[in-house]
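The values are calculated or read from the model by the stated rules, or taken from the named source; none is laboratory data. These numbers were taken from a predicted model, which means no experiment stands behind them. Glycine also receives a Cβ, built like all others from the backbone with ideal geometry; neighbour counts cover every protein chain displayed.
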Amino acid sequence: NDLNFSGGPGALPHEVLLQAQQAMIALPETGLSVLGMSHRSAWFRELLDEAEQHIRDLLNLEDRYAVLFLQGGSSLQFSMIPANFAHGAKRPTEFVASGYWSGKAIGEAACAAPVKVLWDGGADGYHRLPDFEELAWNPQAPFFHYVSNETVEGLQFHQTPRMEGATVISDMSSDFLSRPIDAGRYAMIYAHAQKNLGPAGVTVAILDTALLDRIPDGLPPMLDYRTHVRHRSIYNTPPVFSLYALTLICRWLRQDIGGLDAMEAINSLKAGRLYQCLDDMGGLVIPQAERDFRSQMNVAFRFRDTRLDALCLQEAADAGFSGLGGHRSIGGLRASIYNAVLPAAVELLAEFLEDFARRHG
Ligand code: PLP
C-alpha cells in the first residue's frame, strides 16, 4: 500500500485501513460489522452529521452552504448540474476546457443545455491553464464550471476565481481537502471520494442553498438536489462503508495531520521533491504541465525516448511501485501523490527515478 501511486482510487492512510479492517468485523460503537449497519440507525445519522461537521470545519463553510453526500460519482454531477441549474436558460453555460475531465463535463452538459467554452487548452495538448482574470465570462450565464485539478494531465489551478456575480462551480475531485480554499467564492464544489476521501461510492457536493430556488420542478427526485437536502443525504440507501471510511479520513486529517494548512505543507514538499527530480533529469523526461500549472496531486510526465516509458514502468513494478502508468488517454507515466501518500514513499520513488536516469540517461 505504501508504494501505491495510482490515479484513482488512490492510497488510503495506514491507520484508517487498520480501523476499517476492525470495523468490517465489529464497530467499536455497536459491536456489529459496518457492512451490515442500517442506514436508518442512529449510529449512521451521527456518523453523517460528524462527516458533515468535519467538512464544514475544515473548509470554514458559511451556514449558507449545504453539504450533501451523493452517489453516481463525479460523472453524475456532470449532468445533474446542468439539469438543475441550466434548464431552459437563455444563455449558455460557461466552461474552461483544460483537460480530459473538463472535456467529459462539457460533453455531458451539452446534452442538457447550450455550452460555451471560454478557453480551450486542447489545441496545444493541455500543458497550461488560463488566468481567470482574462476570461470573458458572463454574469448571466447559468453557471461557470472548471476543474480545479486535471487528474490525467496533472494541471492544477493555483488561483481562486474572483468572479463577483458569477455562479462558479468547481469539480475538485482530485484535489479536495488537499489544501485550504476560499470556499465562499464558489456557488458549488463537488468531489468524489476516491482520491483524498476514501473508497469510491460517495461524492461530496457543497452548494449554496440560494441555488436551490433555480431548480425546475419535474426532475426525477434522485436527480434533484432539493431531494437530498430535504432528506439530509439519506433519501435512499447510501454507501455506508464508504461514508464510514470518509469519516475516518476526516478524523485523520484533523487529528493526525492537523488540518488543511498542514496537509498542504506536506503535499508541497512531496510534489516539490518529485518535480525537482524530473527537472534534474535534464531533458531526459518531459513533464506534461508547464511550471506554473504543475499539480501537487498528479505528476504526469513521459520520457523523451518513448521506449523508456515502458522500461521505467516495468522496472518500477519490479521494485514494488504500483499505479505509475499514465492515463490511457495520454500514456507516459503519472505519480499520483494524494494526501495519504507518505513523504517517505515519494522519497523512494524519487530515488528510484534518479537511479533509472543515471542508468539510462
Ligand atoms: N472529475 C475528475 C477531476 C476526475 O479525476 C474524475 C475521475 O477520476 C472524474 C471527474 C470522474 O469521476 P467518477 O469516476 O467518480 O465519475
(request) Among the residues of the stretch 84-118, write down those that are touching a helix residue (DSSP H, G or I) at 6+ places or on another chain (Cβ under 7 Å) and either in the same structural domain as ASN298 (by TED's automatic domain parsing) or within 16 Å of the ligand (Cβ to nearest atom) (or both). (result) PHE95, VAL96, ALA97, LYS104, ALA105, GLU108, ALA109, CYS111
(message) Just the residues that are in contact (Cβ under 8 Å) with a residue 24 or more places away in the chain, surrounded by 15 or more Cβ atoms within 10 Å (Cβ to Cβ) and either assigned to a helix (DSSP H, G or I) or small (Gly, Ala, Ser) (or both), please, taken from the stretch 30-49.
(response) VAL34, PHE44, LEU47, LEU48
(message) Checking ARG56 against (1) over 22 Å from the mean Cα position of the chain (by Cα); (2) at negative phi; (3) not hydroxyl-bearing (Ser, Thr, Tyr): exactly one of these is not met. Which one?
(response) (1)
(message) Considering only the stretch 175-183, I want to know if a residue exists there that is assigned to a loop (DSSP other than H, G, I, E, B), in the same structural domain as GLY99 (by TED's automatic domain parsing), modelled with pLDDT under 95 and crowded, with 21+ Cβ neighbours inside 10 Å.
(response) no
(message) Can you find, within the stretch 304-346, the residue that is nearest to LEU274 (Cα to Cα) among those that are in contact (Cβ under 8 Å) with a residue 40 or more places away in the chain and part of a strand (DSSP E or B)?
(response) ALA335
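Yes/no matrix, rows are residues, columns are (1) under 24 Å from SER336 (Cα atoms); (2) among the β-branched types (Val, Ile, Thr):
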| residue | (1), (2) |
| --- | --- |
| VAL168 | no, yes |
| MET172 | yes, no |
| ASP175 | yes, no |
| ALA187 | no, no |
| HIS192 | yes, no |
| ASP208 | no, no |
| PRO221 | no, no |
| TYR225 | no, no |
| ARG230 | no, no |
(request) Could you grab me the full set of residues in the stretch 119-156 that are of a type in the set (S, T, N, Q), within 11 Å of the ligand (Cβ to nearest atom) and assigned to a loop (DSSP other than H, G, I, E, B)? (result) SER148, THR151
